[in-house]
Amino acid sequence: MKRILITGASRGIGLEMCRQLSERGNEVIATYRSPNSAGNLLELTNKCRNLHTYELDVNSSESVKSAICRIAEKFTSIDLVFNNAGILDWSPLGEVTAKSFQSIYNTNVVGVFRVSEEVISLLTKGTTPLIINLSSRLGSIELRGQSQLGGAIAYQCSKSALNMLTKQMSIDYARHGIRAIAISPGWVKTDMGGTEAKYEVSESVNLFLAQIDKLPASLNGVFLGEDGEMIPW
């Protein structure tokens, strides 16, 4: 049994992770930005006694700090963090706005930074603590142009930046005994991924959780796919 923190848990991949990980008997701490959009998550807490919810907006340092303080009042440690909260704009280069770039970067990169920095003290008390940042193959510079998907330039750039942040976390957090990796869940049928995507949400989550279960305790600073294969940076 692990104690697991999941951000962006009100829908899609985050919500399904809550469902599957709590069903496995883990203690899951799920965060959501607003109660107005968290109905399904809050309903799930009525069925899962080991699922705990907290309001947390990754775009606000004050909100993150406050939420982690409230979490620390109840839990003495965390073993695993899924930085899952993220947003997407499909606009291609030439159409995307600077405002969209700023908003996506703030959520997808700075938001991960905010949460990870605040939760270090809880992770250091956990068992083989690990940060998993939900990335995307669209963030792979080497694979750019080889994907069937185009556009989403701000999202692509944010995931490339997230990959760099993950790599640096794997180096700097090692002194705390904390590892960090990035993982792509694949192309998933969510509000972000659309109906033409390859995977159902439950299928994607089941796939990459199975890969995480197999990770050697020494693995650090890598970018993995939902199939467990390494993705080039």
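Derivation of every value follows stated rules applied to the coordinates shown; laboratory data play no part. Keep in mind it's a predicted model, so treat the numbers as computed, not measured. Because the Cβ atoms are built from the backbone with ideal geometry, glycine has one as well, and the counts that use them run over all protein chains shown.
Summary table
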| item | result |
| --- | --- |
| Enclosed volume per residue, in Å³, of the convex hull spanned by Cα atoms of the range 15-140 | 128 Å³ |
| Charge sum, other residues only, whose C-beta stays under 13 Å from Cys69's C-beta, Lys/Arg counted +1 and Asp/Glu -1 | -1 |
| Neighbour net charge for Ser34 - beta-carbon separation under 14 angstrom, K R +1, D E -1 | 0 |
| Dipole magnitude of the range 3-224, debye to nearest 20 (Cβ charges: Lys/Arg +1, Asp/Glu -1, about Cα centre) | 360 debye |
| Estimated 222 nm signal from helices in the chain, with DSSP H stretches of n ≥ 4 weighted -39500 (n - 2.57), rounded to 500 | -11500 deg cm²/dmol |
| Lys/Arg +1, Asp/Glu -1 at C-beta; the chain dipole; positive extreme among Ile104, Ala210, Pro232 | Ala210 |
| Cross-link pairs beyond the 20 Å C-alpha cut-off, checked among Lys2/Lys125; Lys74/Lys125; Lys99/Lys159; Lys65/Lys159; Lys47/Lys214; Lys65/Lys125 | Lys65/Lys159; Lys47/Lys214 |
| Descending semi-axes in Å of the range 165-210, equivalent ellipsoid built from Cα gyration tensor | 30, 11, 6 |
| Highest average packing first - 104-117, 206-219, Cβ atoms within 10 Å | 104-117, 206-219 |
| Rel. contact order, % - alpha carbon contacts under 8 angstrom, at least six apart, the range 1-103 | 32 percent |
| Acute angle (nearest 10 degrees) that the helix 61-74 long axis makes with the longest principal axis of the chain, alpha-carbon atoms | 30 degrees |
| Bins of 5 Å, starting at 0 and running to the largest distance - Cα pair percent for the range 70-166 | 3, 13, 21, 19, 16, 10, 8, 6, 3, 1 |
| Reciprocal of mean inverse Cα separation for the chain (Kirkwood radius, Å) | 17.6 Å |
